[in-house]
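Scroll down for the structure; my scribbles are underneath it.
The values are calculated or read from the model by the stated rules, or taken from the named source; none is laboratory data. The structure presented is a predicted model; accordingly, all values stated were derived computationally and were not measured. All Cβ positions, glycine included, derive from the backbone under ideal geometry; neighbour counts span all protein chains shown.
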Amino acid sequence: MSTFPISYIEPVFRPPSEAHSLILPVTNGCSWNRCTFCEMYVQPQKKFRARDEEQVLEEIRRCGERMIVQRVFLADGDALVLPTRRLLTILEQIRKHMPDVERVSSYCLPRNLRKKSVEELKELADAGLKMAYIGAESGDDEVLARVNKGETYESTLSALDKLRQAGITRSVMILNGLGGTALSEKHAVNSARLMNQAQPEYLSTLVVSFPGGEARFREGFADFEALDRQALFAEIQTLLEALELKDTVFRSDHASNYLVLKGVLGQDKSALLAQVRQAIESPERAPLRQEWQRGL
Ligand code: SF4
């Protein structure tokens with residue numbers, strides 16, 4: 001029998017930057033679970049439910065007895081769907097039993113925050129919730145509708161604004177290629193517009209991919225034509241050109257990307273654009289990942 005204090009229902013996902021965090025599931029799966037590009041929680045054992053509160057609190061106590069923890073990631077797909085009171089209890093117990101914890105973070109769906117006020121989010125921030133990862137995917141309403149995201153430009157912006165007002169650091173993901181060839185331009189332009197309004201602290205891009213096949217995705221997007229590698233770069237170029245960010249850490253270093261980009265926007269905008277231009281104009285000279293290097 002495993003002696004690790006937390007019982008996981010596999011698979012469990014976390015952002016790359018949470019590699020050294022204690023992953024603490026407070027829910028199982030994703031309460032929405034309808035985005036047609038997402039296969040994270042499609043297995044039956046990942047059907048959404050809140051985990052038993054007593055079990056979670058017991059796991060926090062037992063982790064506190066056995067290890068020194070500095071970062072905690074609340075799993076699964078949208079821990080912030082839980083009521084504020086319940087989240088506060090979890091955060092208070094983390095603080096009590098793991099006093100070295102400096103940061104608690106979680107994924108966040110914009111819909112999780114519709115009924116939460118800025119004051120409630122401030123309470124959560126004061127109790128230790130320092131960072132939220134938001135899969136905006138796109139700022140274009142047509143793309144969002146085609147992939148059944150269940151969100152819009154406005155709903156995503158509203159959530160990002162609330163988090164900002166509460167002092168919670170925002171890390172936003174945009175999916176490169178999500179609109180296919182037909183919607184690529186407006187996907188890039190409207191995603192940049194959304195980011196310009198929201199001014200997130202972190203922004204990353206991932207390349208859309210379908211390791212389990214495209215059938216589910218094509219139900220809502222029958223005429224989807226995937227972008228080839230060069231078109232993916234062109235879309236990133238359009239996005240970067242339109243971004244007017246003041247102080248945002250930008251990353252496209254997820255395993256799905258062909259071209260690794262890292263910088264701070266706006267100061268590194270022209271350097272990043274120069275890298276993308278080189279990948280478009282002279283791919284043989286650019287440091288690109290080969291297909292086998294992309295860990296999908
Ligand atoms: S909200 Fe996130 S976790 Fe849930 S189905 Fe969509 S992409 Fe997947």
Out of the stretch 47-75, which residues are out of contact with any His (no Cβ under 8 Å at 6 or more places or on another chain) and closer than 20 Å to LEU121 by Cβ?
ALA50, VAL72, PHE73, LEU74, ALA75
Within the stretch 142-183, the count of residues that are over 16 Å from the mean Cα position of the chain (by Cα) and in a strand (DSSP E or B) comes to 0
Looking across the stretch 29-38 at residues that are out of contact with any Asp or Glu (no Cβ under 7 Å at 6 or more places or on another chain) and of a type outside the set (Phe, Trp, Tyr), the single one that is surrounded by the most Cβ atoms within 10 Å (Cβ to Cβ) is CYS35
May I ask you to list the residues in the stretch 210-246 that are assigned to a helix (DSSP H, G or I), under 23 Å from MET40 (Cα atoms) and not hydrophobic (A, V, I, L, M, F, W, C)?
ARG216, ARG218, GLU219, GLY220
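Restricting the search to the stretch 24-38, which residues are assigned to a loop (DSSP other than H, G, I, E, B), within 17 Å of the chain's Cα centre (by Cα) and either more than 8 Å from the ligand (Cβ to nearest atom) or under 24 Å from ILE94 (Cβ atoms) (or both)?
To start, the set of residues in the stretch 24-38 that are assigned to a loop (DSSP other than H, G, I, E, B) comprises 26, 29-38.
The next check asks that each one be within 17 Å of the chain's Cα centre (by Cα); those that pass are 29-38.
Residues satisfying the conditions are GLY29, CYS30, SER31, THR36.
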When both residues are 6+ apart or on different chains and their Cβ atoms are under 7 Å apart, which pairs have a first residue that lies in the stretch 34-61 and is outside the structural domain of GLY212 (by TED's automatic domain parsing), and a second that is small (Gly, Ala, Ser) and assigned to a helix (DSSP H, G or I)?
THR36/GLY220
How many of the residues in the stretch 113-124 are within 16 Å of the ligand (Cβ to nearest atom) and in a loop (DSSP other than H, G, I, E, B)?
1
Scan the stretch 200-209 and give yes if some residue there is at negative phi, surrounded by fewer than 22 Cβ atoms within 10 Å (Cβ to Cβ) and assigned to a helix (DSSP H, G or I), otherwise no.
no
Name the residue that is farthest from the ligand (Cβ to nearest atom), counting only residues in the stretch 59-112 that are hydrophobic (A, V, I, L, M, F, W, C) and surrounded by fewer than 18 Cβ atoms within 10 Å (Cβ to Cβ).
ILE68
Residues of the stretch 39-56 being buried (at least 16 other Cβ atoms within 10 Å of the Cβ) and more than 16 Å from the ligand (Cβ to nearest atom), which ones?
ARG51, VAL56
Provide a single number: the residues in the stretch 1-21 that are in contact with a strand residue (DSSP E or B) (Cβ under 8 Å, 6 or more places away or on another chain) and assigned to a loop (DSSP other than H, G, I, E, B).
9
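One line per residue, one yes/no per condition, for (1) free of Cβ contacts under 8 Å to residues at least 60 places away in the same chain; (2) under 23 Å from PHE233 (Cα atoms):
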| site | (1), (2) |
| --- | --- |
| ASP126 | yes, no |
| SER155 | yes, no |
| ASP161 | yes, no |
| GLY180 | yes, yes |
| TYR202 | yes, yes |
| GLY220 | no, no |
Do we find a residue being more than 16 Å from the ligand (Cβ to nearest atom) and among the aromatic types (Phe, Trp, Tyr) anywhere in the stretch 7-18?
yes
